[in-house]
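See below for the structure under consideration.
The values are calculated or read from the model by the stated rules, or taken from the named source; none is laboratory data. Note that this is a predicted model, so its numbers are computed, not measured. Every residue, glycine among them, receives a Cβ derived from its backbone with ideal geometry; neighbour counts consider all protein chains shown.
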Amino acid sequence: MDCLFCKIIKGEIPSNKVYEDDMVYAFHDISPIAPVHFLVIPKEHISGAAAVTPENSAVIAHIFEVIAKVTAEMGLEGGYRVITNNGDDAGQTVKHLHFHVIGGKQLGWSSAQGD
Ligand code: 5GP
Ligand code: ZN
């Protein structure tokens, strides 16, 4: 399958790793929109939030455990935002489920709502 994030998980495309275990991979976004901007993805290919099912949803809970742990280690006590874009209307460019974790500054809300 020609999936960019599956290639990143396999190491076929280099990335700047934040965290990895048997279920998930986290890495810095190539075009950060804030001082902290990394992505957390399941190692299993799931095309997006709309493809989450009872059979594959356990990884979602694990992703949020990882986000809590990694952001604490990064010292983001002041807060951070977790976003997943699903589908073309949301601007999802990579069709492998990913959670953006954004922080390190006071975040506005207007861009998250869309223009
Ligand atoms: P989306 O727009 O699908 O929600 O988010 C895709 C994200 O992946 C974007 O923020 C984009 O900067 C990031 N991205 C795209 N290609 C690469 C890449 O090759 N490496 C890394 N680290 N991030 C990427
Ligand atoms: Zn994939």
> Taking into account only those residues within region 7-32 that are away from ligand 1 (no atom under 12 Å from the Cβ) and not in a loop (DSSP other than H, G, I, E, B), which is nearest to His98 (Cα to Cα)?
Replying inline: Val24
>> Here is a check on your reading of the model: is Ile63 surrounded by 14 or more Cβ atoms within 10 Å (Cβ to Cβ), in a helix (DSSP H, G or I) and of a type in the set (A, V, I, L, M)?
In response: yes
>> So, in region 25-75, exactly how many residues are without any contact (Cβ under 8 Å) to a residue 40 or more places away in the chain and in contact with a Gly (Cβ under 6 Å, 6 or more places away or on another chain)?
In response: 0
>> Can you report the number of residues in region 25-69 which are of a type in the set (A, V, I, L, M), away from ligand 2 (no atom under 13 Å from the Cβ) and out of contact with any strand residue (DSSP E or B) (no Cβ under 6 Å at 6 or more places or on another chain)?
In response: 9
> What tally of residues in region 79-113 results from selecting those that are basic (Lys, Arg) and either part of a strand (DSSP E or B) or free of Cβ contacts under 8 Å to residues at least 12 places away in the same chain (or both)?
Replying inline: 1
> Which of the residues that make up region 12-24 are loosely packed, with under 13 Cβ neighbours inside 10 Å, within 14 Å of ligand 2 (Cβ to nearest atom) and not hydrophobic (A, V, I, L, M, F, W, C)?
Replying inline: Glu12
> For region 26-60, what are the residues that are among the hydrophobic types (A, V, I, L, M, F, W, C) and within 13 Å of the chain's Cα centre (by Cα)?
Replying inline: Ala26, Phe27, Ile30, Val36, Phe38, Leu39, Val40, Ile41, Ile46, Ala49, Val59, Ile60
> Only one of His45, His62 is closer than 21 Å to Ile8 by Cβ, at pLDDT 95 or above and in contact with a Leu (Cβ under 9 Å, 6 or more places away or on another chain); which?
Replying inline: His45
